1. Tell me, which helices (runs of 4 or more DSSP H) lie completely within region 290-339 with 1 or more residues that are in contact with a strand residue (DSSP E or B) (Cβ under 7 Å, 6 or more places away or on another chain)?
2. Kindly check whether there is at least one residue in region 10-17 that is at pLDDT 85 or above, assigned to a loop (DSSP other than H, G, I, E, B), closer than 30 Å to residue 301 by Cα and not assigned by TED's automatic domain parsing to the domain that holds residue 300.
3. Within region 212-224, track down each residue that is exposed (fewer than 14 other Cβ atoms within 10 Å of the Cβ) and in contact with a helix residue (DSSP H, G or I) (Cβ under 9 Å, 6 or more places away or on another chain).
4. Mind counting the residues in region 30-43 that are touching a helix residue (DSSP H, G or I) at 6+ places or on another chain (Cβ under 7 Å) and assigned to a loop (DSSP other than H, G, I, E, B)?
5. Return yes when residue 423 is outside the structural domain of residue 304 (by TED's automatic domain parsing), surrounded by fewer than 15 Cβ atoms within 10 Å (Cβ to Cβ) and either in contact with a helix residue (DSSP H, G or I) (Cβ under 9 Å, 6 or more places away or on another chain) or modelled with pLDDT of 90 or more (or both) and no when it is not.
6. Which strands (runs of 3 or more DSSP E) does region 103-186 wholly contain that include 1 or more residues that are more than 37 Å from the chain's Cα centre (by Cα), closer than 30 Å to residue 20 by Cβ and outside the structural domain of residue 425 (by TED's automatic domain parsing)?
7. With the structure loaded, tell me whether residue 95 is within 30 Å of residue 302 (Cβ to Cβ) and loosely packed, with under 15 Cβ neighbours inside 10 Å or whether it fails that test.
8. How many residues are over 22 Å from residue 291 (Cβ atoms) and surrounded by fewer than 18 Cβ atoms within 10 Å (Cβ to Cβ) when one looks only at region 397-417?
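The values are calculated or read from the model by the stated rules, or taken from the named source; none is laboratory data. Only a predicted model underlies this, so the values are computations on that prediction, with no experimental measurement involved. As a convention, Cβ positions derive from the backbone with ideal geometry for all residues, glycine included, and neighbour counts pool all protein chains shown.
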């Protein structure tokens, strides 16, 4: 076999391959054997038909076609290895010449990873929000905890905001009660916004036994997205009572003996949360600067596939679970189709560039992923997917996704290297030291994962 490579642009090459006919012998033998098992010729046992008879009865062309289809992947792979290119996706193959007994020639055009020069990132500087926890933050945190321990007591009066009402609901569309449009004994806190638009105004002022009708767009069910006439009947009204904010409350709601200890713990937790947010912000802004420093061409076909993958995941997974159409989602977001298309493409470009650049840094710095790091990442991904670690691990192995997880951790380590070299200051002018963060690599992997999305830039040979 003889091959040559031609660079068409920074992200695409054309391989030209010539194969002497004798190198097709194994594939020709396999083709005759396969056809032998598929056809019947009178006078010959199945599988024992001579090659000359197959040529006469079914045509030499059918045999050559079968042999070439069998041989192409092998010769393409050999050509890729000889050219030392990193193909992305499947090639476009064109057979340019096929002379029986003499020669097979073909070309294969395929997208490839571009050659990237890692820019000097030692001078990157970014500013992040300062870590500030105010007394108001503490009060809000304690108040939220207090809300969780609120009790409800039945009252004989009109319902008001904050009350918990028990209601029966009936929904009609075009005058007909929906098959799934009746719900009895539903508990709802007025003002929570957790049920239907318009229900707060409808039930406020009603006592037990009171009834009202309002119009609302249904969020789910058989008529999701349609306007419905909803009748609501209040069957009970209960007032929520908050516990006194004292030491007794602290003992009931936490492991602390005093309210002061509870507040001190709240401050510490809020500081830790803000510190994590600050580190994430630093990683995101350093990554932005790093990408700006590098020249990274993006293959058109790869970009098209990535955009389509992101649209599919949004429309058929995320929105599908919420019972929303893409049109309704864009309406709620206040975006036009054109704005959505532009934003999706920009996100896809950034995701691909991030993978290319960080993968190159992984290679340059010879960053390896330890088993402990992979296990930690697997545990986090399992938790975010709502699966047990064992279930998630099994799904990853069965789906052949282990290399993807390794890649995510490796890119996290690469980003951590860049962040450590950057100068990070907060809005107060104080230098932020992120090197002591024990979860830096995992946090960086999470940041990269958010940017790159679910699609993985796959190399195929």
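1. On the way: elements: 300-313, 319-322, 326-333.
Ranges flagged: 300-313.
2. Looking through region 10-17, at least one residue is at pLDDT 85 or above, assigned to a loop (DSSP other than H, G, I, E, B), closer than 30 Å to residue 301 by Cα and not assigned by TED's automatic domain parsing to the domain that holds residue 300.
3. Hits for region 212-224 are 213, 220.
4. So the count comes out to 2.
5. Against the criterion (outside the structural domain of residue 304 (by TED's automatic domain parsing), surrounded by fewer than 15 Cβ atoms within 10 Å (Cβ to Cβ) and either in contact with a helix residue (DSSP H, G or I) (Cβ under 9 Å, 6 or more places away or on another chain) or modelled with pLDDT of 90 or more (or both)), residue 423 does not qualify.
6. 103-112
7. Values: within 30 Å of residue 302 (Cβ to Cβ): yes; loosely packed, with under 15 Cβ neighbours inside 10 Å: yes.
Answer is yes for this residue.
8. So the answer is 8.
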